[in-house]
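First the structure, in the form of structure tokens, and then the observations on it.
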């Protein structure tokens, strides 16, 4: 249990998707203009992460990894399909996003309308594929650890985008040098936020 | 599509496809595409170069493939077709890197795989390759890859020089004897936040030189 909590806290604050790995930057910069939409996107990303990473973990462990197919019989024990993982992961993610989109459209049209084009774009959000690839690289043990990693990464992303959106809303009233307006100042802002987040480095439970 | 067949291969218009993404229409600083990987691989110059090369190859080739197939791809499933083409190319690049440049491939870790979700690819395929001929798409891909690579190399150069005092692993600062004069490396440069701030500064410089790029409030 302690281990799970440790992974959870670590993936929120220390290995933060945005501040430590820059994953999901494109939509992070594009959608963080108002707090309302960024909350919606943050929730959607967390949700999709929470579904896709454990599913990809199961696929990786029981189908792709070296020796993963041994449950089919001894002759399959040496197969290593891990070179296929990019393709399978992205297919799972695209399919999951499609399903999530249909579910949200059916049960919450208001949320669906506010997310608009961003929902399908989650499929190509690097944070989602990145989390699956990190899951594969870091070799977590068991589905519980993977799920807590996925949830932590999602919440970390959520906090980062809502924080930036809040700052950008205030920034509208300040006098930024013309060439820095818009994109430039946003980059520097994210950099400063990342420096602040680095203060949390080394936390352990 | 409307251009006549006899247009020379490198006419002024085609050449512009190649050069405009390097400057005025840069994928990173102007189109805001493909930032994710651009920042993470620039701690050292060498992985940045490899990454720039890989992305350029994948963009150019996938642009050609999709452009050649564009009239046959049903509109509704185009995204998944594009993803499959990109993923196949990325798998090839990944395997080649693992075979011939294993240490760099280890340094790049997940970011080779993340070329698949690099927005430059989808962006260029959607915006350009789906409506232009293969040769033009190829030039567009090369140009965008080069524009992306340029930023990566600039950021990578400064981070490596100021952060570790080397260029491509060659200890420049030490050879110049600056350490004995009291110079110290700026450890901040190696950490992720400085990559963001450097890109912010590059944008600042570019937009001060070219006022037409300045955003309205």
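When residue B:56 is tested against (1) modelled with pLDDT of 85 or more; (2) not in a helix (DSSP H, G or I), just one condition goes unmet, and that condition is (2). Considering the stretch B:150-200, the residues that are in a helix (DSSP H, G or I) and out of contact with any helix residue (DSSP H, G or I) (no Cβ under 9 Å at 6 or more places or on another chain) include one that is surrounded by the fewest Cβ atoms within 10 Å (Cβ to Cβ), namely B:175. Residues of the stretch A:177-205 that are loosely packed, with under 14 Cβ neighbours inside 10 Å, within 13 Å of chain B (Cβ to nearest Cβ) and in a loop (DSSP other than H, G, I, E, B): A:177, A:199, A:201. Each residue in the stretch B:15-66 was checked for being within 23 Å of residue B:188 (Cα to Cα) and surrounded by fewer than 20 Cβ atoms within 10 Å (Cβ to Cβ), and 2 pass.
Taking the stretch B:76-91 as the range and being under 18 Å from the mean Cα position of the chain (by Cα) and more than 7 Å from chain A (Cβ to nearest Cβ) as the test, the residues that pass are B:86, B:89. Residues of the stretch A:61-99 that are away from chain B (no Cβ under 14 Å), in a helix (DSSP H, G or I) and at pLDDT below 80: A:68, A:69, A:70, A:71, A:72, A:74, A:75, A:76. Residues considered: B:155, B:205, B:172. Of these, the only one that is within 25 Å of residue B:21 (Cα to Cα) and more than 18 Å from the chain's Cα centre (by Cα) is B:205. Sub-8 Å Cβ pairs linking a first residue in the stretch B:119-130 that is within 14 Å of another protein chain (Cβ to nearest Cβ) and in contact (Cβ under 8 Å) with a residue 40 or more places away in the chain to a second residue that is assigned to a helix (DSSP H, G or I) and surrounded by fewer than 19 Cβ atoms within 10 Å (Cβ to Cβ), at least 6 apart or interchain, are B:122/B:79, ordered by first then second residue. The test for being surrounded by 19 or more Cβ atoms within 10 Å (Cβ to Cβ), over 27 Å from residue B:42 (Cα atoms), in contact with a helix residue (DSSP H, G or I) (Cβ under 7 Å, 6 or more places away or on another chain) and modelled with pLDDT under 85 holds for residue A:41.
Taken over the stretch B:190-214, residues that are more than 8 Å from every other protein chain (Cβ to nearest Cβ) and farther than 26 Å from residue A:178 by Cα amount to 1.
If you go through the stretch A:100-110 and keep only what is in contact with a helix residue (DSSP H, G or I) (Cβ under 6 Å, 6 or more places away or on another chain) and either exposed (fewer than 15 other Cβ atoms within 10 Å of the Cβ) or not in a helix (DSSP H, G or I) (or both), you end up with just A:105. Only residues that are without any contact (Cβ under 8 Å) to a residue 60 or more places away in the chain and either buried (at least 21 other Cβ atoms within 10 Å of the Cβ) or in a helix (DSSP H, G or I) (or both) were counted in the stretch A:111-130, giving 6. Within the stretch A:140-152, is even one residue part of a helix (DSSP H, G or I) and more than 19 Å from residue A:56 (Cβ to Cβ)? No, that holds for no residue.
Determine, yes or no, whether residue A:133 is buried (at least 18 other Cβ atoms within 10 Å of the Cβ), over 13 Å from the mean Cα position of the chain (by Cα) and touching a residue at least 24 places away in the same chain (Cβ under 8 Å). So residue A:133 fails the test.
The values are calculated or read from the model by the stated rules, or taken from the named source; none is laboratory data. Since this is a predicted model, take the numbers as computed values, not measurements. Neighbour counts run over all protein chains shown; Cβ positions are idealised from the backbone, glycine included.
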